[in-house]
Amino acid sequence: MSLPSNTSQRPVALVTGSSRGIGRAIALELARIGCEVMINYVANEAAAEETCEAIRAESKVLVAKCKADIADLQDHAKLLEATRAEFGRLDFLVNNAGIASDKRVDLLDASEDSFDHVIKVNLRGPYFLSQAAARWMIEQKSVAENYSPAIINITSVSAFAASPERGDYCVSKAGLAMMTKLYALRLAAEGINVYEIRPGVIETDMTANVKEKYDHMIDDGLTPIKRWGTPEDVGRAVAAIASGSLPFSTGEVINVDGGFHLRRL
């Protein structure tokens, strides 16, 4: 067995949900350290192309885009095959795609439809995409030298901080945190490290409707570092992993939350 003739000489990253927001910032940071990147999107092809153009404008790496719904398990093969066809390899899977609750409601009024939708995108999708990607990584590991793949899951402080008005989102991120540990244990012997990046309050389209609320909370000391997080903060954390800075760590949680996770008296 050998790698395809079109195999990239650079490491390749697949970043789900990377047409905008945190995913776009991750893709840009990975390109800056020399990774070639597959941009994944669901509906907004124009935004995905903007991300590709932004990478091309400042980096010499190759970039491609693929429409695939992470919630649809049938689309996983399409996404991985597109990555194989474009680059011939996969070094880093970044499970970034995620959605918020349909709306914030009392836990006792939460709907099954919202729960099922959030879980499919935020947990079920990454769970099985990681399975398929890991199988391909193991295949590559058997024939490639100097190959150090990794899976990186983007969760949230909601993995441990309870918000009863958006319980489905919290459950999905807590599940993704446990998924990190499970895959880290299973894949360590295969030479594949798995990490969790846990962002805090990040200024994106998803948080725009609660900006005033969090402005006040940050001013009142919600986080020791008194500012909003940025998508670039998350992107730099992913790039640190992809650059090989944490080779003896797996299952590790990297908090990008301004110190929100610190307990204080």
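Table for the structure above
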read-out: Meets criteria (in contact with a strand residue (DSSP E or B) (Cβ under 7 Å, 6 or more places away or on another chain) and either within 20 Å of ILE197 (Cα to Cα) or part of a strand (DSSP E or B) (or both)) for VAL37; value: yes
read-out: Matching residues, segment 40-58, being open to solvent by 30 Å² or more (accessible area, probe 1.4 Å), assigned to a helix (DSSP H, G or I) and of a type outside the set (Gly, Ala, Ser); value: GLU45, GLU49, GLU50, GLU53, ARG56, GLU58
read-out: Every residue from segment 81-92 that is open to solvent by 20 Å² or more (accessible area, probe 1.4 Å) and in a helix (DSSP H, G or I); value: GLU81, ALA82, ARG84, ALA85, GLU86
read-out: Number of the exception - GLY17 against (1) small (Gly, Ala, Ser); (2) open to solvent by 30 Å² or more (accessible area, probe 1.4 Å); (3) in contact with a Phe, Trp or Tyr (Cβ under 8 Å, 6 or more places away or on another chain); value: (2)
read-out: Selected residue [under 15 Å from the mean Cα position of the chain (by Cα), open to solvent by less than 30 Å² (accessible area, probe 1.4 Å) and over 25 Å from ARG104 (Cα atoms)] from ALA239, ALA159, ALA177, ALA144; value: ALA239
read-out: Any pair with Cβ under 9 angstrom, 6 or more apart, that starts in segment 99-110 at a residue that is under 17 Å from SER156 (Cβ atoms) and open to solvent by less than 100 Å² (accessible area, probe 1.4 Å) and ends at one that is modelled with pLDDT of 90 or more and of a type in the set (Phe, Trp, Tyr); value: ILE99/TYR169; ALA100/TYR169; SER101/PHE115; SER101/TYR169
read-out: Filtered residue count, segment 140-154, keeping only those that are within 16 Å of SER8 (Cα to Cα) and in contact (Cβ under 8 Å) with a residue 12 or more places away in the chain; value: 7
read-out: Filter result for the condition that a residue is of a type outside the set (S, T, N, Q), farther than 16 Å from PRO11 by Cα and in contact (Cβ under 8 Å) with a residue 12 or more places away in the chain, over GLY221, GLY191, GLY200, GLY244; value: GLY200
read-out: Segment 114-137: number of residues that are open to solvent by 70 Å² or more (accessible area, probe 1.4 Å) and out of contact with any Asp or Glu (no Cβ under 8 Å at 6 or more places or on another chain); value: 6
read-out: Residues that are touching a helix residue (DSSP H, G or I) at 6+ places or on another chain (Cβ under 8 Å), in a loop (DSSP other than H, G, I, E, B) and among the basic types (Lys, Arg), drawn from segment 211-265; value: LYS226, ARG227
read-out: Criterion (within 13 Å of the chain's Cα centre (by Cα), modelled with pLDDT of 95 or more, farther than 16 Å from GLU232 by Cα and aliphatic (A, V, I, L, M)) met by exactly one of LEU80, LEU93; value: LEU93
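One line per residue, one yes/no per condition, for (1) among the aliphatic types (A, V, I, L, M); (2) touching a helix residue (DSSP H, G or I) at 6+ places or on another chain (Cβ under 9 Å); (3) not in a loop (DSSP other than H, G, I, E, B):
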site	(1), (2), (3)
ALA144	yes, no, no
ASN153	no, yes, yes
ALA161	yes, yes, no
ALA174	yes, yes, yes
THR180	no, no, yes
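The values are calculated or read from the model by the stated rules, or taken from the named source; none is laboratory data. Just so you know, these numbers come straight off a predicted model, no measurement behind them. Every residue, glycine as well, gets a Cβ built from its backbone with ideal geometry; the counts of neighbours run over all protein chains shown. For accessibility, only protein heavy atoms count, side chains too; no ligands or nucleic acids. Shrake-Rupley method; radii C 1.70, N 1.55, O 1.52, S 1.80 Å.
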